[in-house]
Structures are given as structure tokens and as C-alpha cells.
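K.L.:
This structure is in C-alpha cells; I'll ask about it shortly.
Read-outs: derived from the displayed coordinates by stated rules, not from any lab. None of the values given here were measured: they were computed from a predicted structure. Ideal geometry is used to build each Cβ from the backbone, glycine not excepted, and the neighbour counts take in all protein chains shown.
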Amino acid sequence: MNLPDAVVIGGGPAGSRVASRLAEMGHEVVVLERQKQPGERACCTGLISQNCVTDFDIDEKVILKRANSARLFSPSGIMLRLWREKTQACIIDRAAFDTAIADRAQEKGAKYLTGTLVKNLEVGDDRVRLEAVCRGERLNLEARAAVIAAGFGSTLAEKLGLGRVGDFVVGVQAEVATKGTDEVEAYFGEEIAPGFFAWLVPTSSRRARLGLLSRRHPRLYLERLMLSLKTQGKIIEGKVKPCYGGIPLKPLARTYGQRLLVVGDAAGQVKPISGGGIYYGLLCADIAADTLHQALKGDNLSSRALAGYQRRWRKKLGPELDIGYYARKFYERLSDKQIDRMFSLIKSRGIDQALLQAEDLSFDWHGEAVMRLIGHKIVANALQAMKAPFLLGRQP
């Protein structure tokens, strides 16, 4: 009996994209998804760039709202308003988005087994073997190769000797009723989301996603934020059930092995500054599919043959992830007073507007914006005084 060419563990955006591309190239692919429906329990702001929508031909039906502006609030309330004439971001229905990508993969021939939890994965000389539970029944499956796209928290890569994500944060989010918020808002400060930020993302004229990132007590900070925004008249009190999710801040040191690739959140391919992972996951999914296609075609699925996957995605994303992580760690050390100082400098000197007028700066690529920001002399001097890690060895 012929083995399937690949089994993809995880039917989220990255996993379904890999499956879709491989099936399109003529390979037999099986996707194992833990939930009964892709995207069923995704905890996500649902913010993706217009470029992401265009580059990956995302179905317009999953887009709830478009955004071309955002308001950022410092701990003391200093506001920066970022605005561009063209759409910068799209707010999506995450469950519908995941379903649409999975449907596209199935249309191209990929087979899905939902409600399937993978318990164990073994790599042999000529195949991979999986043990899973599918809707209460034991399932044993073999394939020529495996792609781990099971999201953050999966232990499969670690069990196979690929290590674990070295740093992460917890995100918490809830759907809330609003009084007509029409712009994305972000809030900063130790009393709101220590070391990170909170967000209010409108999904309609009267509903929004409210959430934050925190290393500790995320539920407590969310409740405080709800009370604060209710007092300000931005949201309406109501019973909400928050969802939680771990977000990797650093990628795995190794995302490949014999007959094996790791993609998306499971590989830590996430923006360290914002925690967004959809776009980077899709980019890496294409690289994974191309690499695996060549390996399957040449019947060479050795670790050496698949190492090109990591070289390619690191070349594309590595500098961005490194700069973003250093910026993230530096921000975590700032006090509220220092954050207010940076907001004040940026606003009073018009630095925010200068960056917005630079057409080559993108919603998805933060590294260039970070480097240009610290390139402004007054900001560079302030950062030097704060001993920013990415300024070591750099002349002020």
C-alpha cells in the first residue's frame, strides 16, 4: 500500500497552507486537526495586513472590517494617532478564515481528519508513524514525511529533539460590547499590561475584541482594563468569557529533521513586537511546501535535504525576528515614566508622522521602523541613556 506523502499535524492557517500547496503540486496529504472545526477555539485579534490578504488571495467574505488608523495611548494618556489613506489592516473572522483556508486545501485534494489529537510521532528510516485519537477511537497512521503545525504548546517537536521555544507570553481576549468604537486602540503601561500592551479591536459598530499580553495574571489585568474602559464610556458592561493562548517570542533553534518540518506558531515564527503570527506562518508554510515538494520528488527526506527550509525562512525573517526581539526585551525594562517620555518625544518632534509618510514601511515588517526610529538623533540619545541593547556598539 502506498503511503501518503505527508501528514500535517494542525489545521490552522500555516498547516492548511502547507497542505494546500502540497496537494496542488500533486502530493497525497492528510491533515490531522485537534478541534472539530478549524479555528474553533482560536484566541486571536484577527488583525492581518492588506498585503497578507492580497498575497495569499484571502476570501473577502472572512473580512469583518478594514482599518487605516490606530490610536496608541501611553500610561499617562498621551495619544499618538497613526493614519494612512490606504487600508493597512483587515480584521477577520478567525474561525471563518481558518475554515476557508482548510476548504481550499480540501478542494485541491488534501484529506482532513478533525477531532483528532496526535499523541505520539516517531520518525523511522523510511516513514513516520503517528499514534492519535480520532473522536474517541485509536488511530495509527504512517506517511513519508510529517509537518508539525500544531500551534504553540505542542510538545511533539521537543520530543523529537528539536528543542522548545525559549520565550513566550500569554494572551487573553474577550468579546465586548462598545458604544461605537471605530478605530483600533492600543494601551501601554504597568497597570494595564506590564512589559507588553493591550488592544481594543472593533469588529463591528457595536462589538470589539479586548485583550492584552502579560507574563503574569492576564485575567486580573483584563478585568482591570474592562473596568477602566467602562468608566471611560468606551465599553458596556456585560458578562464575557475570555479565551487564552500562549504566544512564542523566539523561534525554535531547529525547525527541521529527518522526514520532518515545523511551521507557524509551533516553530515560533511570530512577530516579537506585536505577537502576530498569521502572515509569517503563511510565508513559512510556502517555503516548507516548496522544500518538502523537492525532497519528496527526489525521494531524499534526510535532515540534510530538509535543512534548506530553515536557511530560507531564516534568510527571509531572521533579521526581522532578531531586531523585534531585542526591541521587545528593551521595552519590557521601561518604566511608565520612560514610556511617557518616548511618546512625548515622538509626538512633539513629529517623528510619528515622518515614519507614516515613508511608503516603504509596512504593517508586517517592524524591523525597519525600529531602526529608523532609533536613527532619529533625539530618540537615539534617549535610548542610549536607557541602555538599549540594540544600540550597543552604535554611535549616538
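K.L.:
So what is the calculated 222 nm ellipticity per residue for the chain, using -39500 (n - 2.57) for each DSSP H run with n of 4 or more, over all residues, to the nearest 500 deg cm²/dmol? Display every interim value, and only then the final one.
P.N.:
Working: 11 runs with 137 residues, N = 396.
After summing the helix terms and dividing by the residues of the chain, the value is -11000 deg cm²/dmol.
K.L.:
Which value, in debye to the nearest 20, gives the size of the charge dipole of the chain about its Cα centre, when Lys and Arg are +1 and Asp and Glu are -1 at the Cβ?
P.N.:
The calculated dipole for the chain is roughly 1020 debye.
K.L.:
In addition: So for the chain, averaging the separation of alpha carbon pairs under 8 Å that are six or more residues apart and normalising by length, what relative contact order in percent results?
P.N.:
Computed over the chain, the figure is 17 percent.
K.L.:
Moving on. Taking the Cα centre of region 212-292 as the origin, how large is its charge dipole in debye, to the nearest 20, when only Lys and Arg (+1) and Asp and Glu (-1) carry charge on their Cβ atoms?
P.N.:
Value, rounded to 20: 460 debye.
K.L.:
What whole-number volume per residue, in cubic angstrom, does the convex hull of the C-alpha atoms of the chain give?
P.N.:
Taking the convex hull of the Cα positions in the chain, it is 141 Å³ per residue.
K.L.:
Here is a further query. Treat the count of other C-beta atoms within 10 Å as a stand-in for reagent exposure and order Thr255, Thr116 from fewest to most.
P.N.:
The order, fewest Cβ neighbours first, is Thr116, Thr255.
K.L.:
Using a cut-off of 13 Å between beta-carbons, work out the net charge of the residues near Ala289 (Lys and Arg +1, Asp and Glu -1, Ala289 not included).
P.N.:
Values: positive: Arg17, Arg21, Lys108, Lys297, Arg312; negative: Asp5, Glu24, Asp286, Asp290.
In short, +1.
K.L.:
While we're on this one: Given the options Asn120, Pro272, Tyr326, identify the residue whose Cα lies farthest towards the positive end of the charge dipole of the chain (+1 on Cβ of Lys, Arg; -1 on Cβ of Asp, Glu).
P.N.:
So the residue we want is Tyr326.
K.L.:
Considering only C-alpha atoms, what is the centroid distance from region 91-131 to region 209-258, in Å?
P.N.:
27 Å
K.L.:
Using a cut-off of 14 Å between beta-carbons, work out the net charge of the residues near Ser204 (Lys and Arg +1, Asp and Glu -1, Ser204 not included).
P.N.:
+2
K.L.:
Give me the net charge of Gly46's neighbourhood, meaning all other residues with Cβ under 10 Å from the Cβ of Gly46; Lys, Arg count +1, Asp, Glu -1.
P.N.:
Neighbourhood net charge equals +2.
K.L.:
Find which of Ser335, Asn300, Ala186 sits farthest along the positive direction of the dipole of the chain, computed with +1 on the beta-carbon of Lys and Arg, -1 on that of Asp and Glu, about the Cα centre.
P.N.:
With unit charges placed on the Cβ atoms, the residue in question is Ser335.
K.L.:
Report, in listed order, any pair from Lys65/Lys179; Lys119/Lys297; Lys36/Lys250; Lys65/Lys86; Lys111/Lys271 with a Cα-Cα distance greater than 19 Å.
P.N.:
The answer is Lys119/Lys297; Lys36/Lys250; Lys111/Lys271.
K.L.:
Here's a follow-up. Between helix 336-348 and the chain, what is the angle of the helix's C-alpha long axis to the longest principal axis, kept within 0 to 90° and rounded to the nearest 10?
P.N.:
80 degrees
K.L.:
By the 4.7 Å beta carbon criterion, which cysteine residues of the chain come out unpaired?
P.N.:
Cys44, Cys52, Cys90, Cys134, Cys284
K.L.:
Please name whichever of His217, Ala174, Trp83 sits farthest to the positive end of the charge dipole of the chain, dipole taken about the Cα centre and charges placed at Cβ: Lys and Arg +1, Asp and Glu -1.
P.N.:
His217
K.L.:
Could you put Trp313, Trp199, Trp83 in order, starting from the residue whose Cβ has the fewest other Cβ atoms within 10 Å? Please list the in-between numbers first.
P.N.:
On the way: Trp313 26, Trp199 23, Trp83 13.
Sorted ascending by nearby Cβ count, the order is Trp83, Trp199, Trp313.
K.L.:
If we count other beta carbons within 10 Å of each Cβ, what is the order of Lys36, Lys316, Lys271, fewest first?
P.N.:
In order of increasing Cβ crowding within 10 Å: Lys36, Lys316, Lys271.
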